[in-house]
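As structure tokens, the structure follows; a few thoughts come after it.
The values are calculated or read from the model by the stated rules, or taken from the named source; none is laboratory data. Keep in mind that this is a model prediction, so the values were computed, not measured. Here the Cβ positions follow ideal geometry from the backbone for every residue, glycine too, while neighbour counts run over all protein chains shown. Accessible surface areas use protein heavy atoms only, side chains included; no ligands, DNA or RNA. Shrake-Rupley method; radii C 1.70, N 1.55, O 1.52, S 1.80 Å.
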Amino acid sequence: MKKILSHWSIAFVTLIVLTYIGFQDPWVKEILRLKSFDYVLQTEVKTASESVSIVTIDESAIEKHGQWPWKRDVLAQLIFDLRNAQTGIIVMPLLFSEEDRLGGDNELAQVLQYGVVISQVGTTQTNKNAVSRGVAKVNDPMPWLFSWPGMLGPIPLLGENASGVGVVNTVPEIDGVVRRIPLIMKIGDETYPAMAIEVIRVAVNAPSYQVKAGQGGIIALRVPGFSIIKTDPHARIWLRWNKEYDTISLADIDQANKFKGKTVIIAPTAEGLNSIVATPLGERYMYEITANTLQT
């Protein structure tokens, strides 16, 4: 009897302490909630993705094509090869904010219109060549959207020829870990889609997308021709990490025929080419955020 009382006493005291901490320090309570969510993600069984695949710009590709950045006709040839392999949308989370000093922009521009989505990034320092995307609004979503002072986009030649331009920014939680991604954000009065929502728009050949807001914030987003995507009040979705992606090096692009019909992400993984972000599963490359947002 004493053991039972002791057992329940400890549980009761623990509950009181946690409740007190929650009221006194909401930050601690939020961290505990997020870490519980992390545990769920970490214990999920991973399965192979049937819709997304990866081509890496890795050390082997650098050895084959030379020092980075390459002349952009190399990337144009990559797109051409993937198109011959009958892949789906080609995602290039690379920032083409300056002209190619080697003169390959014209070659790249000629192939970007064939289902290719390139990137732009929200910044605090500059606002240059941003590519906005109009949105049909149900009520006013603007006060609820994440915003940046400026947007750095691709040079006009590439931005105007690409099938789509998506934003690659992340919004970490209070502990610096990326768990949610905003699917739409704003600069001033203009809206900008995240990379994933822009890929979906291009895939279904829709001119734009729709966002619905209520008194408590954003409710959902929709690309015409695609399922409704429910979000949190700030247009974010929680990411899952339960997929593994078939991957080849750009040096082995002749194997790309196995990616037929799949979305292909061009992923810079060579040392110094890609940024690292904190996730519930530890440090991951930035392109993995794009892959998991799409897969989610």
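Values computed for the structure shown
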{"quantity": "Residue that is most open to solvent (accessible area, probe 1.4 Å), among those in segment 177-191 that are of a type outside the set (A, V, I, L, M, F, W, C) and modelled with pLDDT under 95", "calculated": "Asp189"}
{"quantity": "Qualifying residue in segment 105-112 (condition: in a loop (DSSP other than H, G, I, E, B) and in contact (Cβ under 8 Å) with a residue 12 or more places away in the chain)", "calculated": "yes"}
{"quantity": "When residues of segment 31-51 are limited to those that are of a type outside the set (A, V, I, L, M) and under 26 Å from Ile253 (Cβ atoms), the one least open to solvent (accessible area, probe 1.4 Å)", "calculated": "Ser49"}
{"quantity": "Test: Val165 is touching a helix residue (DSSP H, G or I) at 6+ places or on another chain (Cβ under 8 Å), open to solvent by less than 20 Å² (accessible area, probe 1.4 Å) and assigned to a strand (DSSP E or B)", "calculated": "yes"}
{"quantity": "Residue check, Ala220 surrounded by 15 or more Cβ atoms within 10 Å (Cβ to Cβ) and more than 21 Å from Ile90 (Cα to Cα)", "calculated": "yes"}
{"quantity": "Residues (under 21 Å from Ala85 (Cα atoms) and among the basic types (Lys, Arg)) located in segment 236-288", "calculated": "Lys258, Lys260, Lys262"}
{"quantity": "Residue within segment 237-255 that is farther than 26 Å from Glu63 by Cα and of a type in the set (Val, Ile, Thr) present", "calculated": "yes"}
{"quantity": "Filter result for the condition that a residue is in contact with a Phe, Trp or Tyr (Cβ under 8 Å, 6 or more places away or on another chain) and of a type in the set (A, V, I, L, M), over Val171, Val117, Val74", "calculated": "Val171"}
{"quantity": "Of all residues making up segment 52-93, the number that are in contact (Cβ under 8 Å) with a residue 40 or more places away in the chain, more than 22 Å from the chain's Cα centre (by Cα), within 22 Å of Gln113 (Cα to Cα) and open to solvent by less than 20 Å² (accessible area, probe 1.4 Å)", "calculated": "1"}
{"quantity": "Search result, residues across segment 223-241 that are at pLDDT 95 or above and either touching a His at 6+ places or on another chain (Cβ under 7 Å) or not hydrophobic (A, V, I, L, M, F, W, C) (or both)", "calculated": "Lys230, Thr231, Asp232, Pro233, His234, Arg236"}
{"quantity": "Which listed residue, of Ile174, Ile155, is at pLDDT 95 or above and either in contact with an Asp or Glu (Cβ under 8 Å, 6 or more places away or on another chain) or within 17 Å of Ile219 (Cα to Cα) (or both)", "calculated": "Ile155"}
{"quantity": "Considering residues of segment 35-51 that are in contact (Cβ under 8 Å) with a residue 24 or more places away in the chain and of a type in the set (Ser, Thr, Tyr) only, the residue farthest from Thr247 (Cα to Cα)", "calculated": "Thr47"}
{"quantity": "Hits in segment 179-214 - residues which are in a loop (DSSP other than H, G, I, E, B) and either out of contact with any helix residue (DSSP H, G or I) (no Cβ under 9 Å at 6 or more places or on another chain) or closer than 25 Å to Ala162 by Cβ (or both)", "calculated": "Leu183, Gly188, Asp189, Val204, Asn205, Ala206, Pro207, Ser208"}
{"quantity": "Counted residues, segment 215-237 - those being in contact (Cβ under 8 Å) with a residue 60 or more places away in the chain, of a type in the set (A, V, I, L, M, F, W, C) and assigned to a strand (DSSP E or B)", "calculated": "1"}
{"quantity": "Residue ranges of strands (runs of 3 or more DSSP E) in segment 242-287 with at least 1 members under 21 Å from the mean Cα position of the chain (by Cα) and touching a residue at least 40 places away in the same chain (Cβ under 8 Å)", "calculated": "243-249, 263-268, 276-279"}
